[in-house]
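Student: Before we start, here is the structure in question, set down as structure tokens.
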Amino acid sequence: MKEHVEDYRPIVGAQVIDELLLLADRVRHRSLQHINSTSVGGGVAEILSRMVPLLRDLGIDTRWDVIKGNQAFFAVTKAFHNALHGGDETINKEMIQVFRDTTEINLQDFDTFGDVVMVHDPQPVGLITRRSVVGGRWLWRCHIDISTPDPRIWEFLRQFVSQYDGSVFSMPDFAQRLSIPQFMVPPSIDPLSEKNRELSDAEVQAVVERYELDPERPILTQISRFDRLKDPLGVIQAYRLVRRHHDCQLLLAGGGATDDPEGQEVLQEVREAAGDDQDIHVLELPPFSDFDINALVRGSTVVIQKSIKEGFGLTVAEALWKRKPVIGGAVGGIKLQLLNGVTGFLVHSPEGAANRITELLANRELRQAIGDAGHRYVRDNFLTTRHIRDYLLLMLAIENKDTDLSLLTKP
Ligand code: UDP
């Protein structure tokens, strides 16, 4: 299916699309390259797979390339990722060397392109040394909750980051002391993607039944990579507390990302914690399960994203878009999306999550009111059209260093 910006007009309104077309006219002479570390799995790949075709449809010459890395490299960058999220990680000299060596290999092989190069997250950050050869404007786009990073690893990465022309963070809480400009751009979801498009009740029901869930009883769902920072064990704890008062089922579904080597280990922990409870459904989803994920979320009664750290949490916006009441950990980008008590509920513990789930299960009107408010909030703030607008503004802003940077949104 070919993506067209015009298809979004009925969803976001004429003004939003007209503004995009106007901006695209101003940026059309510039080309753009996105670089990240995986083409499948996780939020960055999710966003780029939808945004790149739309940027092309707007006439912006856009490319998306993925760096190469072996298992050792991704084990190191996952440790960086955890350390930047404030986790307690040991990062030794050998690990730093693995990072440098892989960066070097990519520098030799990699084809950089474009007037603007947007490098996503820490894995490819070292490619910046190429700029002195190829020129262009380089932006480092950070998707991580970097509010309390391990200072040693941040100092190491900062040597690279500070060589960029600008940095982009998902929310002001993540801003860092940097000598380069910092832009705040929250991520987004695509309402027309296979994961978010409208489905019929029959389609939803068929998927729910295929996964052997009972459509007659409440379903609590968390869809996430199996990652400790997503706290799947905390979700199981919350479900067990809810079960004292309400009959319900728990669905924990997720797959891996090629740049996340910890998934299998965490999945094993989750299976053990689930034990022989027939009402806990642990699903390992293959890549490209978008239709099934869409239907599973639509078939859920309450959606949970009980993360301990979260850059943004696309899964939250995806569920809100489907008018689902969402309970999220009060961290990072989840706080941008869930206005407590209005567009969802923020919680700090499994007990807190259980209380809110119990409240929602007992009150259909509350579920509906919260779900409707969440849908409107996503429409106005977290759809791909707003994200593209911000990137186009960013391309204009860094083209001319005197541009008024306050044009960029800060929700
Ligand atoms: N996702 C998926 N399959 C899975 C688990 C997650 O397609 O098995 C998607 C999910 O729907 C969302 C993205 O991957 O679009 C995850 O993004 P998020 O920001 O929630 O978390 P991240 O994985 O980037 O930490």
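Student: Would you mind finding the one in L199, L229, L251, L178 that is surrounded by fewer than 21 Cβ atoms within 10 Å (Cβ to Cβ) and within 16 Å of the ligand (Cβ to nearest atom)?
Tutor: Testing whether each residue is surrounded by fewer than 21 Cβ atoms within 10 Å (Cβ to Cβ) and within 16 Å of the ligand (Cβ to nearest atom) leaves just L199.
Student: Moving on. Kindly indicate which of I308, I223 is surrounded by 23 or more Cβ atoms within 10 Å (Cβ to Cβ), more than 19 Å from A362 (Cα to Cα) and within 16 Å of the ligand (Cβ to nearest atom).
Tutor: Answer to the selection: I223.
Student: Output the residue which, of all residues in segment 300-311 that are in a loop (DSSP other than H, G, I, E, B) and β-branched (V, I, T), is farthest from the chain's Cα centre (by Cα).
Tutor: This residue is T301.
Student: Pick from L32, L20: which is buried (at least 19 other Cβ atoms within 10 Å of the Cβ), among the hydrophobic types (A, V, I, L, M, F, W, C) and part of a strand (DSSP E or B)?
Tutor: Going through L32, L20 in turn, the sole match is L32.
Student: If R158 passes every condition in (1) at pLDDT 95 or above; (2) buried (at least 18 other Cβ atoms within 10 Å of the Cβ) but one, which one does it miss?
Tutor: Among (1) at pLDDT 95 or above; (2) buried (at least 18 other Cβ atoms within 10 Å of the Cβ), R158 violates only (2).
Student: Further question: Sort through L285, L346, L336 and tell me the only one that's without any contact (Cβ under 8 Å) to a residue 24 or more places away in the chain and either touching a strand residue (DSSP E or B) at 6+ places or on another chain (Cβ under 9 Å) or more than 23 Å from V242 (Cβ to Cβ) (or both). Spell out how you get there, then give the answer.
Tutor: Numbers: L285 fails: without any contact (Cβ under 8 Å) to a residue 24 or more places away in the chain; L336 fails: without any contact (Cβ under 8 Å) to a residue 24 or more places away in the chain.
The unique qualifying residue is L346.
Student: Of the conditions (1) modelled with pLDDT of 95 or more; (2) part of a helix (DSSP H, G or I); (3) closer than 18 Å to G41 by Cβ, P122 clears all except one; give me its number.
Tutor: (2)
Student: Could you list, ordered by first residue, the pairs with Cβ atoms under 6 Å in which the first is in segment 126-151 and assigned to a strand (DSSP E or B) and the second is of a type in the set (D, E, K, R) and more than 16 Å from the ligand (Cβ to nearest atom), at least 6 apart or interchain?
Tutor: Final answer for the pair search is R137/D165; W138/R131; W138/D165.
Student: For segment 312-332, name all the residues that are in contact with an Asp or Glu (Cβ under 9 Å, 6 or more places away or on another chain) and in a strand (DSSP E or B).
Tutor: G328, G329
Student: I've got another one for you. Does segment 334-354 include one or more residues that are closer than 21 Å to L213 by Cβ, at pLDDT 95 or above and not basic (K, R)?
Tutor: Scanning segment 334-354 turns up at least one residue that is closer than 21 Å to L213 by Cβ, at pLDDT 95 or above and not basic (K, R).
Student: Inspect all residues belonging to segment 157-173 and state whether any of them is within 16 Å of the ligand (Cβ to nearest atom), part of a loop (DSSP other than H, G, I, E, B) and either under 22 Å from G42 (Cβ atoms) or within 23 Å of the chain's Cα centre (by Cα) (or both).
Tutor: Yes, there is a match, as at least one residue in segment 157-173 is within 16 Å of the ligand (Cβ to nearest atom), part of a loop (DSSP other than H, G, I, E, B) and either under 22 Å from G42 (Cβ atoms) or within 23 Å of the chain's Cα centre (by Cα) (or both).
Student: Does L336 count as touching a Pro at 6+ places or on another chain (Cβ under 7 Å) and more than 8 Å from the ligand (Cβ to nearest atom)?
Tutor: Working: touching a Pro at 6+ places or on another chain (Cβ under 7 Å): yes; more than 8 Å from the ligand (Cβ to nearest atom): yes.
It is true that L336 is touching a Pro at 6+ places or on another chain (Cβ under 7 Å) and more than 8 Å from the ligand (Cβ to nearest atom).
Student: Find all pairs meeting these conditions: Cβ atoms under 7 angstrom apart; at least six residues apart or on different chains; first residue within segment 51-64 and among the acidic types (D, E); second residue assigned to a helix (DSSP H, G or I).
Tutor: That search, which allows pairs on different chains as well, returns D57/V5.
Student: Across segment 267-299, which residue is surrounded by the most Cβ atoms within 10 Å (Cβ to Cβ) among those that are within 13 Å of the ligand (Cβ to nearest atom) and assigned to a loop (DSSP other than H, G, I, E, B)?
Tutor: S289
Student: Just to be sure I understand the filter: pairs with C-beta atoms under 6 Å, separated by 6 or more residues or on different chains, first member in segment 242-260 and under 16 Å from V303 (Cα atoms), second member near the ligand (Cβ under 8 Å from one of its atoms) and among the polar types (S, T, N, Q). Which pairs pass?
Tutor: As it stands, the answer is G254/S224, since those pairs meet every condition given.
Residues checked against (1) among the aliphatic types (A, V, I, L, M); (2) more than 21 Å from A397 (Cβ to Cβ):
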position	(1), (2)
F73	no, yes
A79	yes, yes
T148	no, yes
V168	yes, no
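Student: Against the conditions (1) surrounded by 21 or more Cβ atoms within 10 Å (Cβ to Cβ); (2) farther than 17 Å from G114 by Cα; (3) within 16 Å of the ligand (Cβ to nearest atom); (4) of a type outside the set (A, V, I, L, M), where does S39 fall short? Just the number, please.
Tutor: So S39 meets the others, but not (1).
The values are calculated or read from the model by the stated rules, or taken from the named source; none is laboratory data. The structure displayed is predicted, hence computed values, not measured ones. Note that we place each Cβ from the backbone using ideal geometry, even for glycine, and neighbour counts take in every protein chain shown.
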